[in-house]
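The values are calculated or read from the model by the stated rules, or taken from the named source; none is laboratory data. Everything numeric here is computed off the predicted structure, so don't read it as measured data. Note: ideal-geometry Cβ built from the backbone for every residue, glycine included; neighbour counts use all protein chains shown. With ligands, DNA and RNA removed, areas are computed over all heavy atoms of the protein, side chains included. Shrake-Rupley method; radii C 1.70, N 1.55, O 1.52, S 1.80 Å.
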Amino acid sequence: MRIVKNGDVHVSAPIGIPKSEVERFVEEHRDWIAKARKKTCESQQRRADFYNQLPLRTREQADDALRRLKALIEPMVDRHSKEMGVQPSSIYYKAMISRWGVCHIREKSICFSAYLLLLPEWCVEHVVVHELCHLLEPSHNARFHALMDKFFPRWKEARRATIKCVKFY
Ligand SMILES: [Zn+2]
């Protein structure tokens, strides 16, 4: 039995178990369900609160975010791409919440999440180096990790710190 994102309860049982027995099982775990639901709701709320720190509803807000993103990220891209010997064709920004960055390997373009503005600078830098590394190695394999070790030695720590920013905000 588990709680999914929207708060629904999903129960799986072996084939042949009568429905009444499944219902009884759910009934017996009522407290557990209530607690787990509350926890899911709270973490969803924390996530929403985190992203809401950067309002992007109006034209002014979006323009301001774009200006700040360019000032933050472009110097990092310049510096690291020189060091790494890569050349992205274009850099653009989107209000992505599912990912911090996406590298389109064939076009050599990189999209960064506007919400990077909510992270400490070294976390942003680790995302920048991560996406630039994809221009050298598309998959997250041993070669990719070796490249990260070389060009951003504290990447594991930075990745943990980045996850914490959203989770424990
Ligand atoms: Zn990646």
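Of everything in segment 109-145 that's in a helix (DSSP H, G or I) and charged (D, E, K, R), which residue is nearest to the ligand (Cβ to nearest atom)?
Narrowing segment 109-145 to residues in a helix (DSSP H, G or I): 114-118, 121-133, 142-145.
From what's left, charged (D, E, K, R): 121, 125, 131, 143.
Numbers: E121: 20, E125: 15, E131: 7, R143: 13 Å.
Checking each candidate, the answer is E131.
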Can you tell me which of (1) of a type outside the set (K, R); (2) more than 14 Å from the ligand (Cβ to nearest atom); (3) not in a helix (DSSP H, G or I) is the one D64 doesn't meet? (3)
Looking at (1) more than 16 Å from the ligand (Cβ to nearest atom); (2) open to solvent by 90 Å² or more (accessible area, probe 1.4 Å); (3) closer than 20 Å to H126 by Cβ; (4) not in a helix (DSSP H, G or I), which is the one condition that is false for R57? (3)
Residues of segment 107-117 being within 12 Å of the chain's Cα centre (by Cα) and farther than 10 Å from I91 by Cβ, in sequence order, are S113, A114, Y115, L116
Odd one out for L69, checked against (1) part of a helix (DSSP H, G or I); (2) open to solvent by 60 Å² or more (accessible area, probe 1.4 Å); (3) more than 16 Å from the ligand (Cβ to nearest atom): (2)
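Does any residue of segment 97-106 turn out to be without any contact (Cβ under 8 Å) to a residue 60 or more places away in the chain, more than 14 Å from the ligand (Cβ to nearest atom) and over 19 Å from the mean Cα position of the chain (by Cα)? Don't jump to the end; show me each part of the working.
Initial filter on segment 97-106 (without any contact (Cβ under 8 Å) to a residue 60 or more places away in the chain): 97-99, 101-106.
When the remaining residues are screened for being more than 14 Å from the ligand (Cβ to nearest atom), the result is 97, 106.
In the following step, the residues that additionally are over 19 Å from the mean Cα position of the chain (by Cα) were identified as 106.
Among the residues of segment 97-106, at least one is without any contact (Cβ under 8 Å) to a residue 60 or more places away in the chain, more than 14 Å from the ligand (Cβ to nearest atom) and over 19 Å from the mean Cα position of the chain (by Cα), which makes the answer yes.
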Looking at (1) touching a residue at least 60 places away in the same chain (Cβ under 8 Å); (2) away from the ligand (no atom under 13 Å from the Cβ), which one does T162 not meet, given that it meets all the others? (2)
Quick count over segment 146-169, residues being assigned to a helix (DSSP H, G or I), closer than 25 Å to E42 by Cα and open to solvent by 60 Å² or more (accessible area, probe 1.4 Å), is 5
